[in-house]
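I have placed the structure first, in the form of structure tokens, so that the comments after it can refer back to it.
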Amino acid sequence: MRKLRAFTVRLFSLFAGPRANAELDAEIESHVALDTDAGIRAGLDPREARRQALIHLGGAEQTRQAQRDRQTLPALEDLLHDLRHGLRIMVRNPSFTLVTVLTLALGIGAATAIFSAVKPILIDPLPYPHASRLMMLWEMRSGERPMAVTFGTFRGISERSHSFDSIAVLKAWQPAISATGQSAPADRLEGQRVSADYFRVFGIAPLQGRDFRASDDRFRGPNVAILSDRLWRRRFNADPDLVGKQIVLDDAQFTVIGIMPATFENVLAPSAEIWAPLQYNPALPADGREWGHHLHMIARLRDGVTAVQATSETAGLLHTLGQINATGYNSSGGPVDALVVNPLQRDLTAAVRPALLAVLGAVLLVLLIACVNVANLLLARGSRRNAEFAMRTALGASGKRLLRQLLIECLLLAACGCLLGLGIAAAGARALVALSPPGLPRINAVSINGGVFLFALAVTTLIGIVVALVLTVQASRHNLRIGVQAGSRQSTGGRSLARRALVVTEVSLAVVLLVSAGLLLRSMQRLFAVDPGFDASNTLTMMVQGSGHRDQTDAGEIRFFQQALENVRQVPGVVSAGFTSQLPLTGSPDVYGTEFEKDGKANGDPALRYTVTPGYIEAMRIPLRRGRLLNENDTAGAPIAVLINDSLARREFGSADPIGQHMRVGPDMGHADRPWATIVGVVGNVKQESLAVGEEDAFYIATAHWQWVDPEQTLVVRTKGSAASVASAIRDAIWSVDSNVPVVRVATIDSLLAATAAERRFVLILFEAFGLVALCLAAIGMYGVLAGSVAERTRELGVRAAFGATRADILALIMRQGMALTAIGLAIGMCGALAAARALAAMLFSVSWLDGLTYFAAAAVLLGVSAVACFIPARRAASIDPMQALRAE
């Protein structure tokens, strides 16, 4: 307690101010006066008596300092002194301070913004208890990519596995909702059909009500639903009594049994806000939906079980299931070779990890360039402070004392840059969220939080320490006598070499970013040059849900879509229109097996399935290669007609004409009682998953000839003018048939084309921005070094001019000096660019990472900018008046 009280007294003494100093001076003078009086009484001369009193005291200034050290905290006092000195230097040089702080803020802000995105996506654990035990399970056939599981696999693994605490499956669900007793129009929701243990896998329970039970998830079980907190507040005004009440989903009554907490983050479907039991038929008909590969399976490992052990166990179980359910597995496209068990977080981030790491690497290069630029600025200022450092050393300042002063100055600049950088980072984080491609996991968790702030603080501290060390090493190398002679040329030689080395570093790093941005730009150009297989201009799309349970027959559903289509075609400005079961460039391909009569067997080769109405091909302007298109005569009861695309025609028929040939398509191909469809036309290939995916086999069949009617279909409308301008009239035309059907996802096909390359565009925008910043910083660094060199060499240049050097000679001299630095940096940077380009190869499309044109263009841009940066100080050097330069010296 005594030590704490003494520390507090010392601490407050630091801030006592002039009054405490005056009291200490008065006390010391009182002691001296008493000793002087004693000496006088002893017979000494008054002057000698005072001298002896001061000697006895030990010196007034020494005593004052010793007493202050005992009453205060010397180390803290020195620190405050250095802080005040550093602040005075910053205030005395406002332009230098502003440029330095802005440069640091740009680097720190950009790095912090990117880290705010990388941290929740790649570093932080998922927001669930023991998240490392969450696994995704995928079925896999030899030579194919992992695919969604069948219900049969889920049921078999969940009944037999001992590696998991709980297992669940899910699929997308988009019900139309209208609250009972309300006049609000129907709204289409994003939701999921899940098995009973879904929320238990995550370790999260509803905040209100109860979770699903096994009795809820049975064939033709009760209609129950759990709502998200967001939906509960938005649609039901946070009704505290909603649990137990009924709501209307797809014209059926559902009882709300629970409401999830607001903090629940559904990483598998961030937009989902309602859940209902899966309720599949455990009888597992071999040709039914239960054997389709359309369910996503998630599981929680038992404590102590690893993913490798779970994979080994499921491999044995899968073999057993294949023997028990041979018919079911064969109907789903053939036997499954393995069941892949992946950590959920790795699975979620696999697609975006390369892009995020590439962007993180790019922003760290920008941060490094900013630091190099700041070091260059401080070295330039340090050359003007040689006399100050030399005088400090002459007066007894140690290297440690000098380092502390420089460290505090650098940390002050870095701290100001950090504060401004956090503002830039906050704006940058918002921009990242806005620019982020669809499907980027955990994007809502991107924010400037405590962890991100600590990152910015760590970066700031590291920058301050490293730059201070560089300056201290440079300051300690100078001869004391030479340092005092501030005008000596030798005093700047070492610094000039260090500054040139830093400029070479800046140029090298800028080359890496410019080449990377150039490769991504070339890749985007190639990607958008790909023919999607249709004409996207003046084309509008929207998803329409059928009339649902009001019409229990497929005929009723078909009648609704036909009437809606007829009304849409009457809208002024509509050229053509049609419905389709799936829209190109939307991913998640819907595939079914195919069987050709010429084979004599069901080969099961999958192809994209497009169930369409007449007018769809015309609206999309998919080219007809041969035969005819589907028309109004292809109705129920008419012979089944089917179109195939170029890819499927070449694979099955080679150069032969497929028109008139017979095939079966669908989940029950190979059944002898299924009628054959006649191929009536061949159309061009379209891109389904993305522009970057190659040709895919596809077939088109009329809605009336498919085994069932898709409850949600996409309307495609081609218009005479702007497609968006008629969107409202088209919705009204659909609602004139049924005002309660949801019409959602209204978009032009041009926007879908842009979305397919969203991830590449996201990375490209960031690389272009970072490359531009790096180029500007490198040019500024080049200009600063040459401008400083011209100022330091004023006498030399004046002498050259006096001895006959022309303006052109001096201009060429300075230009050669600058361009030589650029050339060295360019050579080093090209080596780094090769390594960076190799790492980016996976994100490139139809462009080699050794693309010569890109490297040449990057070099040309850098040389051009460097030439401009060199010309300005070179021109100033050429205009030096030799007489004024010599007179000033």
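Examine region 81-95 for a residue that is assigned to a loop (DSSP other than H, G, I, E, B), loosely packed, with under 15 Cβ neighbours inside 10 Å and modelled with pLDDT under 85, and state whether such a residue exists.
Checked region 81-95: at least one residue is assigned to a loop (DSSP other than H, G, I, E, B), loosely packed, with under 15 Cβ neighbours inside 10 Å and modelled with pLDDT under 85.
Can you tell me how many residues in region 706-762 are part of a strand (DSSP E or B) and either of a type in the set (Gly, Ala, Ser) or without any contact (Cβ under 8 Å) to a residue 12 or more places away in the chain (or both)?
The number of residues fulfilling the criteria is 1.
Before we move on, is residue 269 assigned to a loop (DSSP other than H, G, I, E, B), among the hydrophobic types (A, V, I, L, M, F, W, C) and open to solvent by 60 Å² or more (accessible area, probe 1.4 Å)?
No.
Based on what the data block shows, is residue 785 at pLDDT below 80, part of a helix (DSSP H, G or I) and open to solvent by less than 30 Å² (accessible area, probe 1.4 Å)?
Yes, satisfied.
Of all residues in region 681-698, count the ones that are out of contact with any Gly (no Cβ under 8 Å at 6 or more places or on another chain) and either open to solvent by 30 Å² or more (accessible area, probe 1.4 Å) or closer than 30 Å to residue 437 by Cα (or both).
8
What strands (runs of 3 or more DSSP E) completely inside region 572-656 contain at least 1 residues that are closer than 14 Å to residue 702 by Cα and either at pLDDT below 95 or touching a helix residue (DSSP H, G or I) at 6+ places or on another chain (Cβ under 9 Å) (or both)?
Fully inside region 572-656 and qualifying: 574-580, 605-612, 641-645.
What are the residue pairs meeting all of these: first residue in region 436-447, first residue closer than 19 Å to residue 426 by Cβ, second residue among the basic types (Lys, Arg), Cβ atoms under 7 Å, and 6 or more apart or on different chains?
Between residues of region 436-447 that are closer than 19 Å to residue 426 by Cβ and residues that are among the basic types (Lys, Arg), there is no close pair.
May I ask you to verify whether residue 780 is within 30 Å of residue 762 (Cβ to Cβ), open to solvent by 30 Å² or more (accessible area, probe 1.4 Å) and in a helix (DSSP H, G or I)?
Yes, satisfied.
So which pairs qualify, if the first residue must be in region 824-840 and without any contact (Cβ under 8 Å) to a residue 12 or more places away in the chain, the second must be surrounded by 14 or more Cβ atoms within 10 Å (Cβ to Cβ), the Cβ gap must be under 6 Å, and the two must be at least 6 apart or on different chains?
Cβ pairs passing all conditions: 838/849.
Select from region 241-263 the residues that are surrounded by fewer than 18 Cβ atoms within 10 Å (Cβ to Cβ) and either without any contact (Cβ under 8 Å) to a residue 24 or more places away in the chain or closer than 27 Å to residue 441 by Cβ (or both) and write down the one among them that is farthest from the chain's Cα centre (by Cα).
The residue in question is 241.
For region 282-290, indicate whether the set of residues that are modelled with pLDDT of 85 or more and surrounded by 14 or more Cβ atoms within 10 Å (Cβ to Cβ) is non-empty.
Scanning region 282-290 turns up no residue that is modelled with pLDDT of 85 or more and surrounded by 14 or more Cβ atoms within 10 Å (Cβ to Cβ).
For region 193-230, which residues satisfy the criterion of being over 14 Å from residue 257 (Cβ atoms) and buried (at least 22 other Cβ atoms within 10 Å of the Cβ)?
195, 197, 201, 202
Here is a list of conditions, (1) in a helix (DSSP H, G or I); (2) open to solvent by 50 Å² or more (accessible area, probe 1.4 Å); (3) not aromatic (Phe, Trp, Tyr), and residue 804 meets all of them except one; can you say which number that is?
Only one criterion is unmet by residue 804, namely (1).
Cβ contacts < 7 Å: first residue touching a residue at least 24 places away in the same chain (Cβ under 8 Å), restricted to region 89-103; second residue β-branched (Val, Ile, Thr) and in a helix (DSSP H, G or I), any location; separation 6+ or different chain. Result?
Filtered contacts from region 89-103: 90/97; 100/374; 103/374.
The values are calculated or read from the model by the stated rules, or taken from the named source; none is laboratory data. The structure presented is a predicted model; accordingly, all values stated were derived computationally and were not measured. Positions of Cβ are backbone-derived with ideal geometry, glycine not excepted, and every protein chain shown enters the neighbour counts. Just the protein is used for accessible areas: all its heavy atoms, side chains included, with ligands, DNA and RNA removed. Shrake-Rupley method; radii C 1.70, N 1.55, O 1.52, S 1.80 Å.
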